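Student: First the structure, which I've put down as structure tokens, then a few questions once you've had a look.
Since every read-out is calculated from the coordinates, none of them should be taken as a lab result. Quick caveat: nothing in here was measured; it's all calculated off a predicted structure. Glycine also receives a Cβ, built like all others from the backbone with ideal geometry; neighbour counts cover every protein chain displayed.
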Number of protein chains: 2
Amino acid sequence: MNSTTSLREPGADALDSVHLRGLIDERLNAFLDANCDRQPHLVSLIEHLRGFLTAGGKRIRPLLCMVGWHAAGGYGDTGPVIGAAASLELFHAFTLIHDDVMDASDTRRGRPTLHRTLETGADATTAERFGTNSAILLGDLVMVWSDELLYSSGIDHERLVAVRPLLDAMRTEVMIGQYLDLLATGKPNEDVERSLAVIRYKTAKYTVERPLHIGAVLAGADQALLDVFTAYALPIGEAFQLRDDLLGVFGDPSETGKSVLDDLREGKATALMAHALHAAGAEQARMLRSLVGDPDLDEAGAETVRGILRATGAADKVEQMITDRVQRARRVLDETPFPDEVRKTLETFVTTTTLRTT
Amino acid sequence: MNSTTSLREPGADALDSVHLRGLIDERLNAFLDANCDRQPHLVSLIEHLRGFLTAGGKRIRPLLCMVGWHAAGGYGDTGPVIGAAASLELFHAFTLIHDDVMDASDTRRGRPTLHRTLETGADATTAERFGTNSAILLGDLVMVWSDELLYSSGIDHERLVAVRPLLDAMRTEVMIGQYLDLLATGKPNEDVERSLAVIRYKTAKYTVERPLHIGAVLAGADQALLDVFTAYALPIGEAFQLRDDLLGVFGDPSETGKSVLDDLREGKATALMAHALHAAGAEQARMLRSLVGDPDLDEAGAETVRGILRATGAADKVEQMITDRVQRARRVLDETPFPDEVRKTLETFVTTTTLRTT
């Protein structure tokens, strides 16, 4: 363990998510304002981006970055680390913008996706292409700006250099996850390990482990604390995504705000589907292969798939995988002398992200 | 002027472009090899990228980065600055990969574009989408890796921090150029200033000014040297692109390796076209507007356009713009006490990039 961990307790509201979210969004807005002033050519693109950022999002990565910082004994002026946390959100916006282009998604956060809203004003004949190209460019710009926000956040040089390998790792890892996902999508298969590799890269490492690491290193954490975070983050990140996969098929759209047909139509290669295909009889497997990945799948077809996911025990198996992972993450929390506020936040994260219904 | 400039002469072959190109490509290959070892999931993508990088490209940006470094008195081990120079080439590869996706181009450097080669092996029904998505992702990855290459190049921390704002500026500027280009393409207009703004961002600043600045700052240059480079780079960068625009319409495809129909079919909003529209009579303007931007334009139509570009004096006007800019750049060279090798390289760059036929 990092010897500084138990020395300094963050204030009682230091990790309050509403409070932190306010600070992070304020920083993001100030950054966008400054760029509007500096880059008059980009004002319209920037306002599209602002609309996207303010429409929603849980700010999980910035919040975990702040948890990491406090866990490693970060104290004093939070300004610089808030900038770093906000830069993770900006990087995430980049991944979402490109993800929506690649999936040709029409909605995100209950609004039209950016490549759709960017079509506005273009000639009808070229609108779709213009929207897509503008979104690719805007995504690129947002990635560049996530760096700029980090480097202008006031973090001292030594810490910036120390955090760089983690940042590089995070970025490459999320790309690996996206690429494995791209290779697998539309072709669900029995390979549970492969589906777990995707969520390890795309979610466990990118969303949970690296933000904690980055925050911790910005407060000077040693490797021992990073290892503890890894031991916590990988199971909880996997559990988070396994829950997401279940909700994507069995969830209540009025609660999740997400269609229960999209994952099935897309043919997402989840652990749920891998377990089902593995346990399925010949007829069940045939049904799954014909229905999953069909872009025109209707609710009746989806209900057939759900029946097979239940009958093969795949749904129960994924619930069990979640339970196992939650237990592993909780064990790490039990064994680690985190400051109270940090522990509370990490415990809440376990509950809200894996036992959730939305 | 930077007081160190005339103190230290680089060796006679320090800026030899064949020699430098060898060093830069060696570094790029070593970086890709290391990533193949570290990221087995990405080996196939990396080999596509290697094919792209080795197929061609003039390495202008890395070479100018080295010029900047030597001009500012850089000396000793060139290893770190070669890494920085190579990282500019990697960043440039990112812009080209995404550019080809956005333009839906089929060829680049005499080979199929990456989004086309990445289609290989995918199901026929989804191949195009898979190729495009893989290329978007690969572009993203290459941008991330350009940073990683820079930060792992052995440049000391102080210099890395000093160069950061220039790198951020370069990246944002090229995006601005791309975006202005996107807004203007297909709708050629009389606005010469706007067409010059595009090439200032996309070429003059991105390709010439910033690489010189970045190399110079890595050797500790002061603002005076950066200002000299700006005074040289902006005119010569504009001249470079103005020449490119002329060759894109009047060039000899057997020499340029580039179709003389593409720019016209795409409706590229060049200064050449702006001058022509400005000077055109009603009938000439009508012809230009109906032919330029027509994706099915044939050689006969192109010849009509060329006739109008000559008759309106637009072609001569652009030649004059090139001459003016070459003179301005040469004046800067005359007035600045650059080391001999640096001067020679900058003079050669003027000649080869603006008086070229390819």
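Student: How would you rank A:HIS48, B:HIS19, A:HIS157, going from fewest to most other Cβ atoms within 10 Å of each one's own Cβ?
Tutor: B:HIS19, A:HIS157, A:HIS48
Student: How high is the relative contact order of chain B, in percent, with contacts defined as C-alpha pairs under 8 Å that are six or more residues apart?
Tutor: Computed over chain B, the figure is 21 percent.
Student: May I ask for the distance between the Cα centers of the range B:296-325 and the range A:293-337, given as a whole number of Å?
Tutor: 64
Student: Let me ask you something else. Rounding to the nearest 20 debye, state how big the charge dipole of the range B:17-354 is about its Cα centre with +1 on each Lys and Arg Cβ and -1 on each Asp and Glu Cβ.
Tutor: That gives the range B:17-354 a dipole magnitude of about 340 debye.
Student: Sticking with this structure for a sec: Just rank A:LEU264, A:LEU42, fewest to most, by other beta-carbon atoms within 10 angstrom.
Tutor: A:LEU42, A:LEU264
Student: Quick one: check the C-alpha center-to-center distance for the range B:31-57 versus the range A:119-143, whole angstrom.
Tutor: Cα centroid to Cα centroid, the span is 29 Å.
Student: Same structure, new question: Shape of chain B from its Cα gyration tensor (a ≥ b ≥ c, root eigenvalues): rounded if a/c is under 1.5, otherwise prolate when a/b > b/c, or oblate?
Tutor: Here chain B falls in the oblate category.
Student: Under DSSP H, which helices of chain B have Cα atoms covering 20 Å or more of the helix axis and a Kyte-Doolittle average no less than -0.5?
Tutor: Qualifying helices: B:17-38, B:79-103, B:127-151, B:157-184, B:223-250.
Student: Also, quick follow-up: How many partner chain Cβ atoms sit within 10 Å of a residue's Cβ in peptide A:128-141, on average, as a whole number?
Tutor: 5
Student: Please identify, among B:VAL142, B:VAL18, B:VAL81, the residue showing maximal mean-square fluctuation in a Gaussian network model of chain B using a 10 angstrom Cα cutoff.
Tutor: B:VAL18
Student: Return the Cα extents of the range A:224-282 along principal axes one, two and three, sorted largest first, each rounded to a whole Å.
Tutor: Here the Cα extents, ordered largest to smallest, are 46, 34, 15 Å.
Student: Pick from B:GLY131, B:GLY267, B:GLY22: which residue has the top mean-square fluctuation in a GNM of chain B where Cα pairs under 10 Å get a spring?
Tutor: Among B:GLY131, B:GLY267, B:GLY22, the largest mean-square fluctuation in the Gaussian network model of chain B belongs to B:GLY22.
Student: Could you work out, residue by residue across B:41-54, how many beta carbons of other chains sit within 10 Å of that residue's beta carbon, and then give the average as an integer?
Tutor: Per residue, the average neighbour count from other chains is 1.
Student: Size of the dipole of the range A:264-344 about the Cα centre, Lys and Arg at +1 and Asp and Glu at -1 on the beta carbon, nothing else charged, in debye to 20?
Tutor: The dipole of the range A:264-344 has a size of about 300 debye.
Student: Return the FRET efficiency for the residue pair B:TYR75, A:THR304: r is the Cβ-Cβ distance, R0 is 60 Å, and the value is rounded to the nearest 0.05.
Tutor: The pair B:TYR75/A:THR304 has a calculated efficiency of 0.25.
Student: Still on this structure: Between copies, how far apart are the A:ASP262 label points? List them in nm, one decimal, shortest first, with each point 7 Å from Cα toward Cβ, please?
Tutor: 3.6
Student: Springs between alpha-carbon atoms under 10 Å, Gaussian network over chain B: tell me which of B:PRO62, B:PRO188, B:PRO253 tops the mean-square fluctuations.
Tutor: With Cα springs under 10 Å in chain B, the top fluctuation among B:PRO62, B:PRO188, B:PRO253 is at B:PRO253.
Student: Determine the calculated [θ] at 222 nm for the protein assembly as shown from helices alone, applying -39500 (n - 2.57) to every DSSP H run no shorter than 4 residues and normalising by the residue count; nearest 500 deg cm²/dmol.
Tutor: The per-residue figure over the protein assembly as shown is -23000 deg cm²/dmol.
Student: How far, in nm to one decimal, is B:ASP156 from itself in the other copies if the label point is set 7 angstrom along Cα toward Cβ? Shortest first, please.
Tutor: Relative to the other copies, B:ASP156 has label-point distances of 1.9 nm.
Student: What are the lysines whose alpha-carbon lies under 22 Å from the alpha-carbon of A:LYS268, with same-chain residues fewer than 8 places away excluded?
Tutor: Once the sequence-local lysines are set aside, what remains near A:LYS268 is A:LYS187, A:LYS202, A:LYS205, A:LYS258, A:LYS317.
Student: Treating the point 7 Å from Cα along Cα-beta-carbon as the label, what are the nm separations from B:GLN223 to the other copies, to one decimal?
Tutor: For B:GLN223, the inter-copy label distances come out at 4.4 nm.
Student: While we're looking at this one, here's another question. Roughly how crowded by other chains is peptide B:176-189, in terms of the mean Cβ count from those chains within 10 Å of each of its Cβ atoms?
Tutor: The per-residue average across the peptide is 4.
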